Amino acid sequence: MNTHLFVNEMRLQCYEMRQYWFETLSGLIFITGVFLGLFYGIKSFVLEQGDGQSLDGLLFGYLLWTFAAGAYGSITKSVVEDTQKGYLEQLFLCPNGFISLMLYRSLSDSIVGLVFLTVIAYVVMAITGNWLTINFGYFYGILLLAAPSLVGFGLMISGLALLFKRVETVGAMLTLALMGLVALDGLPLNAFTFLPFVSGASLARDVVLDQNALRLDYVLIVIANSLVYLTGGIYMFKAFEKQAKKRNLIGQY
């Protein structure tokens, strides 16, 4: 692990959040507001059905989706914004390589995202009065194990961004599709297990929400899923990068 590169990315994250504090605060308010709208929109229906656990599942699922959307979109957003700002070419000169830089940036984004996730969790639980007992140690550990699958998927879309520059529509559709992914049950092994992040979301619900024992075979499934998608994402990004360099598109927008 390149500690120097990781520390620099964390410092950049903290600097940007402090510099653009209004955007940071607005993002927190927006994410919280969206959940509250969903929560109170279905609360009466759920209570009529006598299924209070559905509200717990809604809260937990929203936290999973918030993290997943951030992990998936971190690299794509970075590539698009750096292209628009005109210094994407300089990032390709990083001694550790562009992909390594993006992976460390994604890691720092995920760590910051977990902090925001904790804040959002307690804010919405306090407002709604729907308190969950969350073992954040297990929660964070499982999410970080599952996140590389989304990072790999993000690398694939980022490769497309090098060629086509504008991929916001595709990114928005995939962000919405993540709502379905975090709701699927990927454990025990089934067809949904092979989709990105599904097994990690299932393990998080099983251990953190349902408070079942952590199973080693499930952990290995999550790790395998992450490695496959991360490796595939790196391979596809390099293929798109090669085409972009061949067409002299890296520095164009």
Query raised in the report: Gap in Å between the Cα centre of the range 210-253 and the Cα centre of the range 129-147?
Result: 23
Query raised in the report: Relative to the first principal axis of the alpha-carbon coordinates of the chain, what is the inclination of helix 216-246, with its axis defined by its Cα atoms, in degrees from 0 to 90 and to the nearest 10?
Result: 30
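What is the gain in length, in nm to one decimal, between PHE30 and ILE250 on full extension, counting 0.36 nm per residue of separation less the C-alpha to C-alpha distance? Walk me through the numbers before you get to the answer.
Values: separation 220, 0.36 × 220 = 79.20 nm, distance 3.34 nm.
Net length gain for the segment: 75.9 nm.
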Report summary line: In deg cm²/dmol, rounded to the nearest 500, the helical mean residue ellipticity at 222 nm of the chain, built from -39500 (n - 2.57) for every DSSP H run of length 4 or more, is -27000 deg cm²/dmol
Requested in this report: For the chain, set up a Gaussian network in which alpha carbons nearer than 10 Å are linked by springs, and say which option among TRP131, TRP21, TRP65 fluctuates the most.
Outcome: TRP21
Query - Most fluctuating residue given options ALA68, ALA121, ALA147, as computed from a GNM of the chain linking Cα atoms under 10 Å - result: ALA121
Report task. Once you have the Cα-Cα distance between HIS4 and ASN135, take 0.36 nm times their residue separation minus that, and quote the gain in nm to one decimal. Result -> 44.1 nm
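With +1 assigned to the C-beta of every Lys and Arg and -1 to the C-beta of every Asp and Glu, and no other charges, what is the dipole magnitude of the chain about the Cα centre in debye, to the nearest 20?
Numbers: 15 positive and 16 negative charges, 186 e Å.
For this selection, approximately 900 debye.
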Query raised in the report: Length gain on complete extension for the stretch TYR122 to ASP217, per 0.36 nm per residue less the alpha carbon to alpha carbon distance?
Result: 31.1 nm
Report summary line: As straight-line cross-link partners of LYS165, the qualifying aspartates and glutamates (C-alpha separation under 16 Å, not fewer than 8 residues apart within one chain) are GLU81, ASP82, GLU89, GLU241
Query raised in the report: Picking from PHE136, PHE67, PHE194, which is most flexible by a Gaussian network model of the chain using Cα springs under 10 Å?
Result: PHE136
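Throughout, read-outs are computed from the coordinates displayed, never taken from laboratory work. None of these values were measured; they are calculated from a predicted model. Cβ: placed from backbone, ideal geometry, glycine included. Neighbour counts: every protein chain shown.
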